Amino acid sequence: MLQDRFKTVLALACLGILFWSPKLVFAEEPTQEQLDFFENKIRPVLAEHCYSCHSTQSKKLKAELYLDNREQALNGGESGPSIVPGKADSSLLYRAILYKEESLEMPPKRKLPVAVIADFKKWIDMGAPWPKSNEPQIVKSDGIDFEKFRNQHWSLKPILNPVPPEVANTPWLRNPIDKFILARLEAAKMKPAQVASRRTLIRRAYFDLIGLPPSPESVAAFVAGDMTWDHVIEELLASPQYGERWARHWMDVARYSDGLGGFLDNRGLPNAWQYRDFVVNAFNEDVPFDQFVRWQIAGELTPNAPLLARAGTGFFAVGPTYNGDGGDAEASAAARAETLSDRVDTFSRAFLGLTVACARCHDHKFDPVSIKDYYAIAGVFNNTSIADKPLASDTIVKSYDNHQNKIKNIEKQIKQLNDKVKKEKREINEDEKKKRDKWTKDRDELRKSLPPKYATAHGLRENGSNNMHVAIRGDLRKKGEEVPRRFLEVISRDKTFSKKSGLLQLAEAVVARDNPLTSRVFVNRVWQWHFGRAIVRTPSNFGVIGENPTHPLLLDWLATNFMKNDWSIKDLHRLIMKSATYRMSSKHIAANFDRDGDNRMIWRMNPRRIEVESWRDSLLSATAELDLKIGGAPTNQILDSPRRSVYATISRNGDRISSDPFFRLFDFPAPRSSAAKRTSSTVPQQYLFIMNSPFFQKRADALVNRLVRESETNEGRINMAYQLLYNRQPSAYESETGLEFLEKVDTEAAWKQYAQVLLGSEEFRYIE
C-alpha cells in the first residue's frame, strides 16, 4: 500500500502539484518574438506587394481594403474580413496568396514564393500579431524629426551621471544601487524584503555566475561564516565555468547555432564552436565589453587584435546565409536581401536595442530610423563575405600551405607521367619508373612530416568598399538612390564611412562614448540575467514601442559606471551582487504585492526557474557525472554526454539534431533570430519527460549509486540528497517520510523512485 501511495506521490510531484509550481498563464498580448516575426517577415511583403493598392498611402484604394492597419485588415473590404486570427485557411488574404481560386489571386502580377506563403500561414495561425500604434501611417524620411527624438526619447538622450538620491533607511544600504531602489520604495511607502538566508544567497550566486549548484561543503562553510560573500563572488568569477555560463546568455543574443536552418539555409557550420569558445574565453578573461564588441563586428581589423579575434565575427557568420532557389536573378537577390536583413537585425538588436531591419522596405513605422539608415548599415555588410579564417599566425599558415603545395606539385608530376603513359598506350619505362618511385617516396615523406592543419573559424571577410542603393520595396534589383555607408543618422549625424568595408568604423561608432545606447543596452541585459527581469523589460527594443525603464536614473548610473570602469563585466557583477538589492529575499509580502504585484519597483528578488542548460548540468553535477572540460567541438548527443550543455550541437530550426527536441521542450529559444529573453512555460510534456525519459531514469540510477557509495545509512543518504539537490537539510517531515518508504520497501526500485521524485521536483529547478 505504501509503495502504491508513493507512486502516486511520484506522479503528482513530477506534475508539479506537490511542489511550488508556477501558475500557467496565457497572455492575450502578442510576444516580442511574434511582433518581430511580423516586422521581419510580414510587413516587408505587405509593403512591397500590397500597400500601393491597399493602404492609407494608396493613390486609389482598391476593394475598400486596407492592409496597413490591423483593425481595418480584420474588418476587411468589399469581400469581407481579410484575416481571421488563428485560422489561416479561413482567411481571404491567405487564400488569395495561395493562387488556388481563380477569382482570388493576389498579388496579381505573380505568386509569392513558397517560403513567404508559409510565413503568412504561420503568422495568421499564431493570431496575426501586430504592434499597437496610434500612428496611422508609415513616416517618410523627410518627416523624421531626428532632433526631436534626440531630445525627447529617453534612450536617445545623452547618458546622465546622476547623483544617487538621499534616503531615510540608510542602514539598509550597501552601495549606490540601493539608493535608487530604496528611494522609489520609500516614495511609495513600501519597504524592501529582508535579506535572504545565507543558504539561499550562495545557491543564487552559484547559479547566477556559473550555472551550477554549490557543493555541500561550500554551503556549510558560507553558512558557518568561514567564507565571506566577497570571497564567494571572487571565487565564482575566477572559475572557468563562469565563462561557460555567461557565454550561453550572450549566445542567445547572437542567435548562435551550428547551422542547418532548412529551406534556402541548409548548410552546416562545422566550425561555429570556435565562436562559442571565443565568447567563453572573452568572459573568463574579462575582455572589456567595448573591445568584445569591436572584435565581433570587425575581428582582426581591430588594432592589436589577438589571433582569437578572428573568430569574433562569427557573431554574424553563424547566422543564416541564404541561397537562391534555382539561381535566377530574382531568387539570388531575395536570398541576398534576407541575409543582409539578418545581419542588420542581429547587429541592431544586440548592440543598440533597436529594430533597424524594420526599415528595410520603408522608413521605420515608429522609431527615428529611415530606410536610408538601413541601407547605410546594410552597405557595410554587403562588402563582406563568409570565410574560414585561420586561427594561427601568418608564419604557421604559410609554412603549412607551402608544405601542402609541395605535396600537390609532386602529385601533379606523378599524374602527368601516368597520363602520358596511358595516352601513349604503352608500359612505363625504367627511367620513368625510377622518377615516379622517387616522387612517390618524396611525397610520402612530406605527408609524414606535414604538421597538423591549423584551426579555422567562420567569420566575415572584407571584399569591397562600395555603397548600396536603396532597394525599392526591398527588391535589390530595383535601385533607388545611393546611400553612403554610415551609422544611424539619429546618433552619428550623417558621418560617413570611407575605410574599406566600413566594419571597423561601424564598430567604433557602436562603442563611442557619445552613443547613448550600447552601454545602456548591455547593463540592462546583465541586470536581467541577474534578476530575471530587466530595468527595460524589452531588452532588445529601446525604441518607441519598447517599454520605458522602471528606474531610468539607475540605468544611466550603471551605464556611466560601466564605462568609467573600462567596460569591465566582472566589475559590473561585483557591483550588482554586493548590493542589498541583490541580497533581498524572494519571499512574498502581501502589502507590497497589492501595491506592485509585478515587482516593477524591485521590493524583492524574483524567484526564477533555471534554464534548461543549467538544469541538465545540475542533474549531472548532483550525480557526480559532469565533465568540466572547457571548450572544443560540440556533441550531437548531448543527452548521452557528460559535458556541459553549452557544448551541444544546435540546429537553427531546432529539429535536425537528436537533442534539439529536449532543449526546445524546456524553452530553449529558436536561434533563427536574436533572443532577448527566455520564456518559461509549464506544459505536461515536460513532466512526462521527467517521469519517463531514459535520460532522467539514468540520472536517478546515478544519484542512487552516488548516495549508496558515499553514505552507509538511509538517513545519511537522504540528508546527502537534500544537500546535493536543494543545498539544505531535509525537514523532519521530509526525512521521516523518506525513511518510512525506504525502510519498508528497501529495494533498488524504491530507491530509484525516491531519487526520481527528488530530481524531478520544482524546488530543484528554481532559485529564490
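The values are calculated or read from the model by the stated rules, or taken from the named source; none is laboratory data. If you're wondering where the values come from, they're calculated on a predicted model, not measured in any experiment. All Cβ positions, even for glycine, are placed from backbone atoms using ideal geometry, and neighbour counts span all protein chains on display.
Structure above, values below:
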| quantity | calculated |
| --- | --- |
| Residue identified as farther than 26 Å from Ala624 by Cα, in contact (Cβ under 8 Å) with a residue 60 or more places away in the chain and surrounded by fewer than 19 Cβ atoms within 10 Å (Cβ to Cβ) among Ala188, Ala196 | Ala188 |
| Matching strands (runs of 3 or more DSSP E) fully within the range 449-568 where at least 1 residues are in the same structural domain as Phe381 (by TED's automatic domain parsing) and more than 27 Å from Val253 (Cβ to Cβ) | 468-471, 479-483 |
| Any chance Gly225 is over 17 Å from the mean Cα position of the chain (by Cα), farther than 25 Å from Thr623 by Cα, in a loop (DSSP other than H, G, I, E, B) and free of Cβ contacts under 8 Å to residues at least 24 places away in the same chain | yes |
| Subset of the range 50-93 that is within 32 Å of the chain's Cα centre (by Cα) and in a helix (DSSP H, G or I) - its residue that is modelled with the highest pLDDT | Ala88 |
| Residues located in the range 7-49, provided they are modelled with pLDDT of 70 or more and in contact with a Leu (Cβ under 9 Å, 6 or more places away or on another chain) | Val45, Leu46, His49 |
| Subset of the range 735-748 (residues that are surrounded by fewer than 17 Cβ atoms within 10 Å (Cβ to Cβ) and part of a helix (DSSP H, G or I)) | Ser735, Glu736, Thr737, Leu739, Glu740, Glu743, Lys744, Glu748 |
| Close pairs from the range 748-762: first farther than 12 Å from Leu703 by Cα and in contact (Cβ under 8 Å) with a residue 60 or more places away in the chain, partner polar (S, T, N, Q) and not in a helix (DSSP H, G or I), Cβ under 9 Å, at least 6 apart | Glu762/Ser21 |
| Condition check for Arg664: basic (Lys, Arg), part of a helix (DSSP H, G or I) and over 30 Å from Ser341 (Cα atoms) | no |
| Single residue of the range 282-299 satisfying the filter (acidic (Asp, Glu) and outside any helix (DSSP H, G or I)) that is surrounded by the fewest Cβ atoms within 10 Å (Cβ to Cβ) | Glu285 |
| Scan of the range 407-458 for residues that are over 30 Å from Asp258 (Cα atoms), of a type in the set (A, V, I, L, M, F, W, C) and under 55 Å from the mean Cα position of the chain (by Cα), ordered by number | Ile407, Ile410, Ile414, Trp439, Leu446 |
| Total residues in the range 300-332, condition aliphatic (A, V, I, L, M), surrounded by 20 or more Cβ atoms within 10 Å (Cβ to Cβ) and not in a helix (DSSP H, G or I) | 1 |
| Glu712 surrounded by fewer than 16 Cβ atoms within 10 Å (Cβ to Cβ) and assigned to a loop (DSSP other than H, G, I, E, B) | yes |
| Qualifying residue in the range 605-616 (condition: of a type in the set (Phe, Trp, Tyr) and in a loop (DSSP other than H, G, I, E, B)) | no |
| Residue count, the range 627-636 (criterion: assigned to a loop (DSSP other than H, G, I, E, B), surrounded by fewer than 18 Cβ atoms within 10 Å (Cβ to Cβ) and modelled with pLDDT of 95 or more) | 6 |
| All positions within the range 531-545 that are under 19 Å from the mean Cα position of the chain (by Cα) and buried (at least 22 other Cβ atoms within 10 Å of the Cβ) | Ala534, Ile535, Val536, Pro539, Ser540, Asn541, Phe542 |
| Answer from Ser681, Ser621, Ser651, Ser674 - the residue that is part of a loop (DSSP other than H, G, I, E, B) and over 15 Å from the mean Cα position of the chain (by Cα) | Ser681 |
| In the range 174-225, the residues that are under 15 Å from Trp603 (Cα atoms) and aliphatic (A, V, I, L, M) | Ile177, Ile181, Leu182, Ala183, Leu185, Ala187, Ala188, Met190, Ala193, Val195, Ala196 |
| Inter-residue pairs, beta-carbon under 8 Å, first among the acidic types (Asp, Glu) and in the range 159-184, second crowded, with 17+ Cβ neighbours inside 10 Å and assigned to a helix (DSSP H, G or I), 6+ apart | Glu166/Lys179; Glu166/Ala183; Asp178/Trp172 |
| Thr649 being at pLDDT 95 or above, touching a strand residue (DSSP E or B) at 6+ places or on another chain (Cβ under 9 Å) and among the β-branched types (Val, Ile, Thr) | yes |
| Residue count for the range 637-648, restricted to those that are of a type in the set (A, V, I, L, M), assigned to a helix (DSSP H, G or I) and within 17 Å of the chain's Cα centre (by Cα) | 1 |
